[in-house]
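J.: My structure is below; once you've seen it, I'll send some questions.
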Amino acid sequence: MRLRTNLALLLTLACLCGSASGQDAPPRARAGGLSLRAPRPAEGHLDLRTDRWIGLDGSVRTEVRATFSESEYADYKTRLGDPAEVLRRLLPASPVAIEKSPPRAVFDDVKCALVLERTETGDVRADGDGMRSLKVEDGLEFVEQRGIAGRPAAVFRESGTLFGLSFDGRQTVYAPQLSTQTAYDAATRTLRWSPVRLGTGTAPAKLSFRITPAERVLSGAYKAYAFGGRYWIGRVAISNAGPGRASNVRVRHRVEGYSEWSPWAKLADISPGETLVECLHPVLSAATAQLKSDTPAQLFVEWTYVDGDGTDRADSDGARLTLLGGNEFIFCRSRETGGSFEEMFDQAPLLAAWVSRDDAIVREVAALGAKRAGGAAAMDGVFPAIATLKGLYETLVANDITYQHPPSLVDATLSFNNGSIQNVKYPRDVLRDRSGTCIDLAILYAAMAHATGMPAYLCVVPGHCFPVIGLPDGSLAAVEVTGVGGGGRMGADAATFGDVFLYGARELGAALSGPHVLVDLRHEWTHGVSCPELPPVGPEFVERKLLREKIDPTKQKHIAEMQEEAVARFSGRHARALADPAGGLVPVQVHVAAAVDARTFLVELRFAGALPAEDGSAIEAEVTEVFEGRALMNFMMCAGLRKVARVKATGQFLQLEPDTLELSHWGKGLEGELQIGGSGDPPVKVAIVAPGE
């Protein structure tokens, strides 16, 4: 099951972002008016068994059987709905294989089980030494290798949460009958075996070579096609329908005008009845990315082999390709409609090729954003990380970057149509044009965040894309960067960072609990999805001096005069205490940092204590809150951006609902009031006082 290994991670991320709702909402720990969101514990247990049978013909039949308890089966059958939809989500079609027979998904009422089955040809690789191999998915723990039902097999263990139920599952991979030298290589995560050599003496083989070209090739991501794996420009299915065995089978290919001949792929031999699939990965030239519109190209494939009677045979064939323009992008590999969300957005990870990570222009604008945050290293802690995100966003606003809604879409809640070709800009082009779609702005912001050292992601949901940033504590934060203004999701005028940060948190929570693709940019970059070489910047960057560090100097001077006293009063670190309703004092560290324009502040509160839970027990935790504040003379009003509690006993992070904060600074130092707003409960007000009061 190629996607199931990611589910436990995504469920954890969803909990950290406070994404669950409705019947799937996690239980809460209570602390006065605090509402702590804990990762939802599994409701029960699931027996999960996966069997993968490799056939003599090179096919792989995968069967997944999820068995529920009798008391839970009827409820989960209703909740899961159409089993075919479950199959598309949990057992998607392989990106490199060819479907051999229609998939099957049924509920087995007798055994209280959900059964998913898919048979494909193409995942088995033919190694040059005559061995065959099959890649085993990540997340499996190798247990043993032994004979089962007369076939060599490798047994793996897996565990996690599925459908809200915990499972300790087993996956067994069966090598073909009569195989020898079967061995599992843990380093490469592949099962290798020597297949039985079928064939009648010197009888001739009858090979057929069927070429399936990619419907559309993304020229901007041309580098990704050269690294094996899920992105290819064509496949060749080689089948032997004769009584004899073909040996020394070799295949090579090229895209006329855009690549040289590839090295020969050596498939050794092909037995009668066997089918192997060779994916084509040419090294395309850099000129490919310079194409401006759809361009036809010719794919040529040559092959040679030795027939069963010793005769050398050779032939060739070709197919027509369509190379999209260098800025053109389409999310779905195939023009066919239908399928799961993941299948309809199977090319979303290729967006990583547009996130230029080494562009000097991007580094320059990111440096301006980091300077706005006071120059602190973004990964030194959550507070400097959020300060950096704030600086990056406000740098875009200061440079008049706006959101541009595609005019062809009537529905303003959508930013693109995944079935059509998108024109995607590189970050430098967004800065040059001062505008971009949601995809363009997400790519620019992710590139800027990466330049400051933070791990960046792109989250793609139906009709929208937004940037997601990894914080130093391992949690995720999203910024709805279309809030820079120009219409769309956040209104025509630029929204504050607090608005786009809170909106992003809600948006990310909803995304992780629904259909989405989270593109891990660092992972994609290290697996071949790289940005093309961009030309040196043109005069539009040098002559127009697009990038500005601050707002208009005249306005800056006026604001600085008004805010100078507030900055002097509030900025810095303050050791204070929280006076709880019972009269106790809890030490609290208050860190206040002014933005470079002196109009807004970031405030961090840190305190520790015993938080009462709903069951009456106490949770010893360390709480960190981050606020965005605006000051006027001696007062500051702060809106909560993020609140997280770290349980001391387990190290587990619990998501809390953001609070509001009022601060003042008179002769006795910093004072204030923390207003804790629990979900559905009256707010609780806690005073911030000097220690020892």
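J.: Using a basic spin-label model with each label point 7 Å from the Cα along Cα→Cβ, how many nm lie between LEU585 and ALA690?
T.: Using points 7 Å along Cα→Cβ, the separation is 1.0 nm.
J.: Turning to a different aspect of this structure: As I understand it, the dipole of segment 247-311 uses +1 on the Cβ of Lys and Arg and -1 on the Cβ of Asp and Glu, about the Cα centre. Which of VAL255, VAL277, VAL301 lies farthest toward its positive end?
T.: Of the listed residues, the answer is VAL255.
J.: For segment 254-321, what does the alpha-carbon gyration tensor say about shape, rounded, prolate or oblate, given a ≥ b ≥ c as the root eigenvalues, a/c under 1.5 as rounded, and a/b over b/c as prolate? If you can, show how the numbers build up before the last one.
T.: Details: a/c = 2.79, a/b = 2.70, b/c = 1.03.
It comes out prolate by the Cα gyration axes.
J.: I would also like to ask the following. Of LYS135/LYS206; LYS135/LYS390; LYS390/LYS685, which ones are farther than 31 Å apart at the Cα?
T.: LYS135/LYS390
J.: Hey, got the dipole for segment 191-254? About the Cα centre, +1 on K and R Cβ, -1 on D and E Cβ, debye to the nearest 20? Show your work: numbers first, answer last.
T.: Values: 12 positive and 1 negative charges, 26 e Å.
Using Cβ point charges on Lys, Arg, Asp and Glu, segment 191-254 gives about 120 debye.
J.: Ignoring ligands, DNA and RNA, please state the percent of accessible area on segment 38-117 from carbon and sulfur, probe 1.4 Å.
T.: Details: 1920 of 3620 Å².
Percent of accessible area from carbon and sulfur atoms in segment 38-117: 53.
J.: Also, I was wondering about something else. Need one word for segment 186-226: rounded, prolate or oblate. Basis is the Cα gyration tensor (sqrt eigenvalues a ≥ b ≥ c); a/c below 1.5 gives rounded, then a/b vs b/c decides. The partial results should precede the final answer.
T.: Numbers: a/c = 5.37, a/b = 1.51, b/c = 3.55.
Verdict is oblate for segment 186-226.
J.: Another question, if that's okay. Lys and Arg at +1, Asp and Glu at -1: add these up for the other residues within a Cβ distance under 14 Å of THR78 and post the number. Write down the numbers at each step before the final one.
T.: Details: positive: LYS77, ARG79; negative: GLU72, ASP75, ASP82, GLU85, ASP109.
Neighbourhood net charge equals -3.
J.: Can you send over the solvent-accessible area of TYR305, 1.4 Å probe, protein chains only, in Å² to the nearest 10?
T.: 30
J.: Calculate, in nm to one decimal, what ALA360 and ASP168 gain on full extension: separation in residues at 0.36 nm each, minus their alpha carbon distance.
T.: Working: separation 192, 0.36 × 192 = 69.12 nm, distance 4.86 nm.
Full extension from ALA360 to ASP168 adds 64.3 nm.
J.: Within the set of other residues whose C-beta is less than 13 Å from the C-beta of GLU524, count the net charge using Lys and Arg as +1 and Asp and Glu as -1.
T.: Neighbour charge sum, excluding GLU524 itself: +3.
J.: In Å and whole numbers, how far do the C-alpha atoms of segment 163-291 stretch along each principal axis, longest first?
T.: That gives 55, 52, 26 Å along the principal axes, largest extent first.
J.: Sticking with this structure for a sec: Which of the peptides 288-294, 247-253 is most tightly packed, and how do the rest follow, going by the mean number of other Cβ atoms within 10 Å of each residue?
T.: 247-253, 288-294
J.: Output the Kirkwood hydrodynamic radius of segment 358-398, Cα pairs only, in Å rounded to one decimal.
T.: Its Kirkwood hydrodynamic radius stands at 9.9 Å.
The values are calculated or read from the model by the stated rules, or taken from the named source; none is laboratory data. Small disclaimer: the values here were computed from a predicted structure and weren't measured. Using ideal geometry, Cβ is built from the backbone for each residue, glycine included, and neighbour counts are taken over all protein chains shown. Heavy atoms of the whole protein, side chains included, go into the accessibility calculation; ligands, DNA and RNA do not. Shrake-Rupley method; radii C 1.70, N 1.55, O 1.52, S 1.80 Å.
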